[in-house]
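The values are calculated or read from the model by the stated rules, or taken from the named source; none is laboratory data. This one's a predicted model, so the numbers in the text were calculated from it and none came from an experiment. Here the Cβ positions follow ideal geometry from the backbone for every residue, glycine too, while neighbour counts run over all protein chains shown.
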Amino acid sequence: MTRENEAEEMLSDLITEILHDVRFKRTARKLHEERQSKQTEKDLKDFGVRLLCSREANISDILTGVRVACGVAVVTQKIPAIRTKGGDTILNVKVRFLPHPGGVEEQFVELAKKLQAVIGVNTVTFKRYDGAPLVQKSPDVAESE
């Protein structure tokens, strides 16, 4: 075997080794990112929120205002906005966030203040937390409705 053939073979082996290493690193990174994503998805908590907005408010601007609130990961509009007889807009959204170590209660108060501060939002009502109603109706009230 000539030196040139030997060098080509060594180069070929080195390239093969590098490619295997790169593929391994990509696969490992991809698996790590998937695991992190799934873990984060599990850790996210959600609130069902009803926002009563002024008639001049732009829904897109309100959703953007909610998205920039501290700790908010995802905001989705659950159903189309509803116009009241007075012309205001009712907007039902699902706010998903990653709770911080201080606790959900502290973050709840912080989130409420941030949502109330969004331009165009008049009233904030938290309806659900992680799928469960926040306020239970008494049997008397539920029957009379």
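Values for this structure:
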read-out	value
Count - residues of the range 114-133 that are of a type outside the set (Val, Ile, Thr) and assigned to a strand (DSSP E or B)	7
Total residues in the range 65-121, condition of a type outside the set (A, V, I, L, M, F, W, C) and within 19 Å of Arg55 (Cβ to Cβ)	13
Test: residue in the range 70-78 that is aliphatic (A, V, I, L, M) and farther than 16 Å from Tyr129 by Cβ	no
Scope the range 61-77; condition hydroxyl-bearing (Ser, Thr, Tyr) and either in contact (Cβ under 8 Å) with a residue 40 or more places away in the chain or part of a strand (DSSP E or B) (or both); matching residues	Thr76
Residue check for Val109: at pLDDT 75 or above, of a type outside the set (Asp, Glu) and out of contact with any Gly (no Cβ under 6 Å at 6 or more places or on another chain)	yes
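Listed here are the residues, each with its yes/no results for (1) exposed (fewer than 12 other Cβ atoms within 10 Å of the Cβ); (2) assigned to a strand (DSSP E or B).
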position: Ile79; (1), (2): yes, no
position: Gly86; (1), (2): yes, no
position: Arg96; (1), (2): no, yes
position: Gly102; (1), (2): yes, no
position: Gln107; (1), (2): no, no
position: Ala112; (1), (2): no, no
